[in-house]
Amino acid sequence: MNEVTVLIDILEREKNNDIKGVTFINESATEKNILYKEIYEKSLFLLGKIQACGVKKGDELLLQIEDNETFIYTIWACIMGGIIVVPVPIANKEEHKLRLYNIFHILEDPYIITTKSHFEDLQKYWDGRKEYSNTYKNMQERTIILDEEFSSKAQMGSIEKGKATDIVSVMFSSGSTGEPKGVILTNENIMTQIKATTKFFKVTSEDRFLSWMPLTHTIGLSMFHLLPLASSVDQYIMEKNLFIGDPAMWFEKASVHKATILCSPNFGYKHFLEEYSDSKQYSWDLSSIKVLMNAAEPISKVLLEEFYKKMKKYGLDRNAISPSYGMTETCMNMTSKRVGSEYRWYSLDRITVSIGDRIVEVEEEDPNSILFVSVGNIVECCEIRICGDDGERYEDEVIGNVEVRGNCVTLGYYNNPESSSKAFTKDGWLITGDLGFIKEGQLVVTGRTKDIIISNGQNYYAYDIERVAEEIAGVQVAAACSVFEEENNKEVVVLFPEYSGNLEEFVTISNEIKRHVSSRTGLELKYVLPLEKIPKTASGKVQRFKLKNMFLDREFDEIQLQLEKIKSMQIRSEISGAENELQEKILDIFLQVLGVEQLGIDDNFFDYGGNSLNVLYVLSKLNAAGIQIHTKYFLEHPTIREIYNEAIIDNENGMDEGIVTGEVPLLPNHALLDIRNLYGDVDHWNIGIMVEAYPVPKKEQIEHVIRYLLSYHDGLRLRIYKEGIEWKQQIEGIPEELPITYYDYSDVKESEQMNMIEATAEELQHATSLAKLPVRFAVFYMGEKKPTRILTLIHHGIADGYGMSIFGQDLCTAFSQEMRGEEICLPYKTTSVKRWSEYLKEYSQSEEMKKELDYWMEAAKNEVPCIPVDCKEELNHNLFCFERVLGKYLLSKDEANILFDKIKGKDIEVNDVILTAILRGLQKWTGNQELLIDYVFNGRYPFDDTIDLSRTVGWLNYFVPLYMEIGDKKDVIETFEYVKDRLHHIPKRGLGYGGLRYLCEDQDILNQMSKIPYPEVTYNYFNAETIDDSFTDKTWGYIKPARESAGENEGENINRGRLIDFVIANREDGLFCKVQYSYNIHKYETMDQLFGYVKEEMHALYQDLVQII
């Protein structure tokens, strides 16, 4: 390769290669392999078409192409013809269309190449905008429309072999500064980088490159297309949308194709982990990966550790993880970790990270610690130096400006001499705009110069402020910037957390953020403002300039006024005082929990910053004061006066059952135990949580909390066992010896502690016993100055996911009270599992329930065909170890919000809409006119005035088979009306199905009900409130979720039960659908087709409903 000086030579060399090539992986995960020989031929034909349109050597061609395969042909057509290629991400949104307009003006006299459909979309946008009419007319005249037949209709193009100094491309990075600047890249720039990186990564003929990065990005194009082609090795180019919708497919393809070199920015790893589930047994083999780059944005050490922890069981080599650093201006890599070495990181004192400071290393546990990951050694294509603002060259371990020079470095910015001049020092070094230091030959980037915030003479990194803010519960992502306030003549700091909930709750979060950031960094945040979506570039960099401009353009004025109004309500001077001693008690508790000074007895708890978390704390304190209130009543009547009135009634009724023991009738769910046990040990079917407690609790404190929880939640003392062929269950008393195991890992090396904890957790997962030990705890002592880890394992047979969430919240509350020296007191106990089981058993013998028999037998009287499968021989192996998840959005955030607003108050439920789309999608996929689907009910509804299950821990959710005959429905609206009617007329929320099938003592009814087949498909909708209230997402008092895994919850050979599960959740970005299936029975392509049908039906129904409601 050393003799090659221009890019055209590397494709010329491959024009007869009929072995190696590019495999394009499209959005549905199907693949298409194109040999390098074919790329040469098709690109040459496309060049002919382009040249026939008048494009000559040295002309600019602006690419607006979404399809990766066509994009590659077009790139090479331009290289062959000496045409300057300008790849720009497809302009779908308004801001992207305006950016396209600006780029068009920066170029000399460009042509545009795109598809007919995208051209029509642009045409529709520009029409009617007079200010753009002249430019648009010019665009129209110089647009080349691609068609699929170019290879057969066009003449072969004429190759123009150029020189090393010729401009090959102008890359307009998405940028974090707003101003589009076109980076000039020549043959020499690109070839220098390709040669050096090939040598640095020790690329051989056995390597295979896999990328989902966009080809409009330098990494996607140069590193993962041009470099592997120059090395004559196979490459796999994956659609970005496939990764976003199903990130696990990235490693699925890596495993299948034995890929060796991959890359993702930090946000890609984070997205992967958010969707990845420990409970899934993927059959990946990642041992072939030798380079797994992390580049294009700041790198998180915590994220890398978490990623490796999850992936090591699939054979991923820790030394493959390769933090890297590069810029569009250097064409690709400037630094990277050497192949086979381990990446490094540094814990620095945040006080000494300004320009000119010598670094000071501190322990990670130090409150002033800030972590930086080394981005590796310098690649031989360039030199790097660290300098002060005055140009002085700094020695190692001193923080300064990162500057670079070399043959891979751009000549400057296209048609922008001013920016080009500012980009270089007088002696010719490129100013990267980054800060960092060099230690032991490796570069450590600490941040961007423009992201430094100066407050009271102290420098702060925006990245550090954001990371500290993200430690607060409820803050997943945040962005910080500074703005100049003229009225105060000073710079102030603004933080924007991503948030889309109600503003009353946000006021509390914002106060917590301000206190926490001030405590950790000493910085005062002037404003904390919610933002639905933080603007970022394609590579994940925060566009802080946009946030600053939005603030200065007063786009946040209205929301600031709303927040101030809410805050002022919390400090009103005119209040209504308590009227008696009991009201005084309630008032004192409200004031203490809300942290306000004044409150009236008719003021709403939630108007003063109350939220779902501190409701539980209030209920606990009320109960400790002898004031008993049901959770549901509190949520509906959150004033002191109303609680006072209800508290008297509850005290008179005395509904607390006390500590419950004794034999318990089975619930309908327990019939599933035999199904789950069909192929494996049902004992290993748990729900686990791992938390950390700090300050370190004493042994007696831990045991006091756990003993209290075991007495409070009777269901935790449930034992389920078999006598002969029958399952039975019994609640035992408080055990003298608590089910706690203690481990002292304080002397274990810190680097080994996580592995030891997780290995122990895995052993304990396998040691649970439904009959003897369905609940167990493990305590891991890490030392006096490190948080203690506490593991809880609860068998699924005695608690569902919602019940585990309740337990998690109570665990936090009890520990917080214990650590503060308070009496442990949780909210008023709700109905026990025993009382509910007895109630349901009794109700199942009633004539009222028996009247439902005909309704349920409809499913048995009508034969429903089986759903199609890809591998019938695997039907007896529908096990958790084969489970996979396809996750995509059914509706965007805006569409979901419009839909929910439209149906509110119209006697329409979300389930009516979603289930209609799923059923119609299933009908289209199966061809069946009748369908049988399992509908999952939460199980905590107010069935009776004497029953309150809202805070009961138990396995209370249940499945109900619904027979749906939709074949004769003319259109989607008629189907919707039918489904809605069916759902709204399910008797008593489906309680009768389980009662009649499993609990009724009338043998004739049992025989009839046993004829109802088990559905092969389930539908389960989780509302957002339930998900948001999940314990594992919260940090509460002295307890927060630990980094360590609680182990695999399901044994490999546990039966999944159904073939396909639709799990729906209303997420921040829209209505999300997970299709869970077994990959040995159904192929991914099959499930993707099914999802496509469902989404198509959802959009058709959405359009119709929005118009007619």
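Peptides 314-320, 991-997, 909-915, ordered by how many other C-beta atoms sit within 10 Å of their residues on average, highest first, read 991-997, 909-915, 314-320. Hydrodynamic analysis of the chain uses the Kirkwood radius over alpha carbon pairs. Inserted into Stokes-Einstein at 4 °C and 1.567 mPa s, it gives a translational diffusion coefficient of 40 µm²/s.
Across the stretch 778-789, computed HN-Hα scalar couplings (Karplus, 6.51 cos²θ - 1.76 cosθ + 1.60, θ = phi - 60°) run 9, 10, 10, 8, 10, x, 5, 9, 10, x, 6, 9 Hz from first to last residue, x flagging Gly and Pro. If both residues of a DSSP beta bridge must be in the chain, then about 70% of such bridges are antiparallel. The modelled label-to-label distance between Val360 and Lys15, using points 7 Å beyond Cα along the C-beta direction, is 6.5 nm. Put simply, when 332-345, 861-874, 105-118 are sorted by average Cβ atoms within 10 angstrom per residue, most first, you get 332-345, 105-118, 861-874. Residue separation of Glu847 and Asn26 scaled by 0.36 nm, minus their Cα-Cα distance, works out to 289.8 nm of gained length. Put a dot 7 Å past the Cα of Ala52, heading toward its Cβ, do the same for Ser133, and the two dots end up 3.4 nm apart. Reported to the nearest whole Å, the Cα centre-to-centre distance from the stretch 890-956 to the stretch 1-76 is 48. Where the alpha-carbon atoms of the stretch 321-402 are placed on the principal axes, they occupy 38, 36, 20 Å, in descending order.
Pairs to check: Lys15/Lys161; Lys722/Lys988; Lys301/Lys749; Lys93/Lys422. Give those whose C-alpha atoms are more than 20 Å from each other in this structure. Table pairs above 20 Å Cα-Cα are Lys722/Lys988; Lys93/Lys422.
Dividing the alpha-carbon radius of gyration of the stretch 771-863 by the rule-of-thumb value 2.2 N^0.38 Å gives 1.72.
Convex hull volume per residue, computed on the Cα atoms of the stretch 662-836, equals 122 Å³.
What residues have an amide H closer than 5 Å to that of Thr143, excluding those fewer than 5 places away on the same chain, when H is modeled at 1.01 Å from N in the peptide plane? When sequence neighbours closer than 5 places are left aside, the close amide H contacts are Ile112. Listed by chain and number, the lysines whose C-alpha is less than 23 Å from the C-alpha of Lys969, apart from same-chain residues fewer than 8 away, are Lys861, Lys906, Lys924, Lys980, Lys1095.
Sorted from fewest to most neighbouring beta carbons within 10 Å, what does the list Glu564, Glu397 look like?
Ascending Cβ contact count within 10 Å gives the list Glu564, Glu397.
Indicate the gyration tensor shape class of the stretch 659-763 (rounded, prolate or oblate), computed on the Cα atoms with a ≥ b ≥ c the square roots of the eigenvalues: a/c under 1.5 is rounded; otherwise a/b larger than b/c is prolate and the rest oblate. Oblate. At full extension, Ile898 and Ile431 could sit 163.4 nm farther apart than now, given 0.36 nm per residue minus the alpha carbon distance.
Among residues other than Ala259 with Cβ under 15 Å from its Cβ, the summed charge is -2 (Lys and Arg +1, Asp and Glu -1).
The Glu750 and Gln155 beta-carbon pair, evaluated with R₀ = 60 Å, returns a calculated FRET efficiency of approximately 0.35.
Whole angstrom only: what separates the Cα centroid of the stretch 217-256 from the Cα centroid of the stretch 1051-1109? Cα centroid of the stretch 217-256 versus Cα centroid of the stretch 1051-1109: 26 Å apart. Altogether, the Stokes-Einstein calculation at 37 °C and 0.692 mPa s, with the Kirkwood radius of the stretch 924-988 over Cα pairs as Rh, returns a diffusion coefficient of 231 µm²/s. Legend: calculated FRET efficiency, Glu977 to Ile145, from the Cβ-Cβ distance at R0 = 51 Å, rounded to 0.05, equals 0.70.
If you take the beta carbon distance between Glu909 and Lys163 as r and set R0 to 60 Å, what does 1/(1 + (r/R0)^6) give as a FRET efficiency, to the nearest 0.05?
For R0 = 60 Å, the calculated efficiency reads 0.30.
In the chain, the longest principal axis of the Cα atoms and the axis of helix 1084-1108 are about 80 degrees apart. Projecting label points 7 angstrom from Cα along Cα→Cβ for Ser287 and Ser117 puts them 4.3 nm apart. For the stretch 456-569, the alpha-carbon radius of gyration amounts to 1.02 times the rule-of-thumb value 2.2 N^0.38 Å expected for a compact globular protein. A full extension of the chain between Asn549 and Ile1108 corresponds to an added length of 197.3 nm, given 0.36 nm per residue minus the alpha carbon distance.
What does a probe at Tyr743 reach in the stretch 785-810, counting residues whose amide N is under 11 Å from the point 7 Å along Cα→Cβ? So the set is 789-791.
For the stretch 396-462, what is the convex hull volume of its Cα atoms per residue in Å³?
Working: hull volume 8.5 nm³, N = 67.
Output value, Cα hull per residue: 128 Å³.
Read the figures in this text as sums done on the coordinates, not as results from a lab. All of these numbers come straight from a predicted model, not from anything done at the bench. Note: ideal-geometry Cβ built from the backbone for every residue, glycine included; neighbour counts use all protein chains shown.
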